[in-house]
Amino acid sequence: MNTLINRRRFLQGSLAASAAATISLAKKTEAASFEGYPNAMGVLVDLSRCVGCRSCEAACNKEQNLPAPEKPFNDFSVFDEMHHGQKRRTDETRYTIVNRYEIPGREHPLFRKIQCNHCQEPACLTSCFVNAYTKTPEGAVIYNVDVCVGCRTCMVACPFYIPAFRYSSAFSPRIMKCVFCHETRLTKGLPPACVEACPQEALTFGRRSDLVEVGKQRIRENPGAYVDHIYGEHEAGGTAWMYLSPAPFEQVGFDTSMPKEPILNYVKDFLAIVPMVLTIWPALFAGFHLLATRKDKMEQQKKNEGEV
Amino acid sequence: MKINPKAVLAAAVLLLAGTLPTPGLAMDPLDAPETVTIDAMANLYKPVEFSHLRHSKLARCKDCHHHTTGHQDMDPNCIRCHANSPEASTVSCKDCHTKKQFYPEQVTAGDNPNLYHIDKPGLKGAYHLNCVPCHVAKNAPSHCEGCHALTDAGKQFFHLDSQAQGAAEPAKGQNKHAR
């Protein structure tokens, strides 16, 4: 009888303790929401200004020493290319591309530049178990090839389908992705190569907080010229690269179902429980097992004593 | 009665001065240079000889110079402050639109609480944003090489050697790519 009460008390106590641990851990993760570095830089892409000249693609190719393109950068037949029913995407040979979108009811098509959006709380970074990604105070999301194990989880995690893998190289495979010209330009206070090359100033470089104001001013001062939304101000928890568009964003190939909170938030609570499961559960269930088998052991012992 | 030659001279000067442009009045396009050489991007592209005289006959001064030549700007965003702005001391594009854009000095310029123009394009942006829409509307050349001949460095930059098909001659539908 005595042992039964003890066991019940032990079970009650341990359950309460684990529940308390879960709640306290969950609370801690909720409080830790990252608003972004205060002076982080960004780029505002104004689709109403882009004319599809592809100068940004050429500038990126040169700056990042990427392989020569299949077609010259002033060949505009690339806008008609379809790969498996999709328009062109970033890949191991190009960190940025421009696609053309015919908009019903508009005389001229729109062009959209695609590259890494450099999220405030990047999904690639949080998904990487060797910390190959870093969000720098300047605003770039950079990649460290030296620690990468090539698991490609970041490619699955990225909500914008940006990181690409260099499958073509058997001996130095790595993730290939826009790094905001971090080492060559951003850390020196210079705008990325694509921004400097843009003749239309469709790309505006500045502090992210300033760019939000610039975007709002353009919308306010040009009534009817833009959709009243800055894509990337809140999408995926906010991105360093943001977009203004004169046509609804879904017509220019944007994913408008993008959540307004970091992708990390969907797994934060679960991930917070993992360490607890790994540390508390083994001891807890080992204890249960020992208690549950104690009676049998004692009986066995008694039997053995009786036999002796 | 004796006529003072000095008074005659002074009267003549006064009369002559009346015909000259005075501050506060609009400028005349004939005062401007006939051509302007635009060579800010002379690395990738050959310099452009811009005929100011020709363009001054095709467009109004304020279409490019906003309020600085003393002609009233009609943009509702501009006339909030510049409804009666006189002729400015500088009218050249590069005096307001800087050749260097997005460098630290421009990025932090917004910290000045008295600065209204927080979204002023640089020189290259100002040219293209103003020129291209008008060129498209008036069927003037609107693809890149219509105004800018590529230098050898420019040809290398755009990788014209990559499968040279169609590279020498810009795509026919290029006009429609431009806005």
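Worth a mention:
- Length released on extending from A:PHE288 to A:GLU183, taking residue separation times 0.36 nm less the Cα-Cα span: 32.3 nm
- Full-stretch length increase - A:CYS151, A:GLU233 - with 0.36 nm per residue and alpha-carbon distance subtracted: 26.5 nm
- Residues in segment A:67-100 that a label on A:TYR167 would reach, taking backbone N under 19 Å of a point 7 Å out along Cα→Cβ: A:67, A:70, A:82-96
- Unit charges on C-beta of K, R, D, E only; dipole of the protein assembly as shown, Debye: 900
- For the pair B:THR35 and A:GLN64, label points projected 7 Å from Cα toward Cβ lie 4.1 nm apart.
- Structure-based [θ]222 nm, chain A - -39500 (n - 2.57) summed over DSSP H runs of at least 4, per residue, nearest 500: -12000 deg cm²/dmol
- Each principal axis of the Cα cloud of segment A:92-238 was evaluated for its coordinate range; sorted largest first, these ranges are 52, 33, 28 Å.
- The stretch between B:LYS99 and B:ASN114, if pulled fully straight at 0.36 nm per residue, gains 3.1 nm over its current Cα-Cα span.
- Note on chain A: the C-alpha convex hull projects to 24.6 nm² when averaged across all orientations.
- Each residue, A:LEU190 and A:THR93, gets one label point 7 Å from its Cα in the Cβ direction; the gap between the two is 2.6 nm.
- Measuring max minus min along each principal axis, the C-alpha atoms of segment B:41-165 give extents of 55, 39, 23 Å (largest first).
- When A:TRP281, A:TRP241 are arranged by Cβ crowding within 10 Å, least crowded first, meaning fewest neighbours, the order is A:TRP281, A:TRP241.
- For segment A:269-298, no residue has its backbone nitrogen under 17 Å from a point 7 Å from the Cα of A:ALA16, taken along Cα to Cβ.
- Alpha-carbon gyration tensor eigenvalues x 5, square-rooted, for segment A:108-147, Å: 26, 11, 10
- Calculated Rg and Dmax of segment A:191-308 using C-alpha coordinates, Å: 30.5, 99
- Order of B:ILE118, A:ILE162 - criterion: other Cβ atoms within 10 Å of each residue's Cβ, fewest first: B:ILE118, A:ILE162
- Kyte-Doolittle at least -0.5, axis length at least 27 Å by Cα - qualifying DSSP helices, chain A: A:2-31, A:265-307
- Spin-label model, B:ASP161/A:TYR37: points 7 Å from Cα along the beta carbon direction are separated by 3.8 nm.
- Largest GNM mean-square fluctuation among A:GLY189, A:GLY237, A:GLY139, using chain A with Cα springs under 10 Å: A:GLY189.
- Test item: A:54-64 mean partner chain Cβ contacts at 10 Å: 2
Values in this text are rule-based calculations from the coordinates and carry no lab data. Values in this document were obtained by computation on a predicted structure and should not be read as measured data. All Cβ positions, even for glycine, are placed from backbone atoms using ideal geometry, and neighbour counts span all protein chains on display.
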